[in-house]
Amino acid sequence: QVQLVESGGGLVQAGGSLRLSCAASGRTFSRYSMGWFRQAPVKEREFVAGISWSGRTTYYTDSEKARFTISRDNAKNTVYLQMNSLKPEDTAVYYCAAGSGGDSAVGYNYWGQGTQVTVSS
């Protein structure tokens, strides 16, 4: 019912910024909470940010809250992740997800294929 396609990843210097986009297809996109997760080659997948279906509630881990901002545009069926002050440790594949929400992968039913973010020193 829901397909997600991430874009906006790439190579950026430390201290730079990127904005990731996640385009969703499906008639009920606005009913889903959305989240961003990431996974580095030798680390487990971790929660980055989430947003409620209405967009009124957002949530982050403490480490990302000061630098990352999640938003959504339901009219465009798109969710965004603005990433500022990027660090090499932010390097990972970033995944968009849709579902009931929360800070755990179990709260999301649909996943994109991921987009690579590489931050160089």
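The values are calculated or read from the model by the stated rules, or taken from the named source; none is laboratory data. Bear in mind that the values here come from a model prediction, so they are computed numbers and not experimental data. Don't worry about glycine lacking a Cβ; one is built from the backbone with ideal geometry, like all the others, and counts go over all protein chains shown. Side chains are part of the model used for accessible areas, which takes the heavy atoms of the whole protein and leaves out ligands, DNA and RNA. Shrake-Rupley method; radii C 1.70, N 1.55, O 1.52, S 1.80 Å.
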**Asked** Within the group Ser71, Ser33, Ser85, which residue is modelled with pLDDT of 90 or more, of a type in the set (S, T, N, Q) and within 17 Å of Val2 (Cα to Cα)?
**Response** Ser33
**Request:** State all residues of segment 1-13 that are open to solvent by 50 Å² or more (accessible area, probe 1.4 Å) and either more than 12 Å from Gly112 (Cα to Cα) or free of Cβ contacts under 8 Å to residues at least 60 places away in the same chain (or both); if no residue qualifies, say none.
**Result:** Gln1, Leu11, Gln13
**Item:** Arg38 at pLDDT 95 or above, open to solvent by 60 Å² or more (accessible area, probe 1.4 Å) and among the charged types (D, E, K, R)
**Value:** no
**Request:** Kindly indicate which of Arg72, Arg56, Arg19, Arg31 is open to solvent by 20 Å² or more (accessible area, probe 1.4 Å), in contact (Cβ under 8 Å) with a residue 40 or more places away in the chain, out of contact with any Asp or Glu (no Cβ under 9 Å at 6 or more places or on another chain) and of a type in the set (Lys, Arg).
**Result:** Arg19
**Asked** Can you pull out the residues in segment 89-103 that are more than 28 Å from Ser120 (Cα to Cα) and open to solvent by 50 Å² or more (accessible area, probe 1.4 Å)?
**Response** Ser100
**Message:** Being surrounded by 15 or more Cβ atoms within 10 Å (Cβ to Cβ) and touching a residue at least 12 places away in the same chain (Cβ under 8 Å) is the requirement here; does Gly50 meet it?
**Reply:** yes
**Asked** Would you say Ser52 is at pLDDT below 95 and touching a Phe, Trp or Tyr at 6+ places or on another chain (Cβ under 9 Å)?
**Response** yes
**Asked** Just one of the numbered conditions (1) out of contact with any Asp or Glu (no Cβ under 6 Å at 6 or more places or on another chain); (2) surrounded by 14 or more Cβ atoms within 10 Å (Cβ to Cβ); (3) assigned to a strand (DSSP E or B) is not true of Gln116; which one?
**Response** (2)
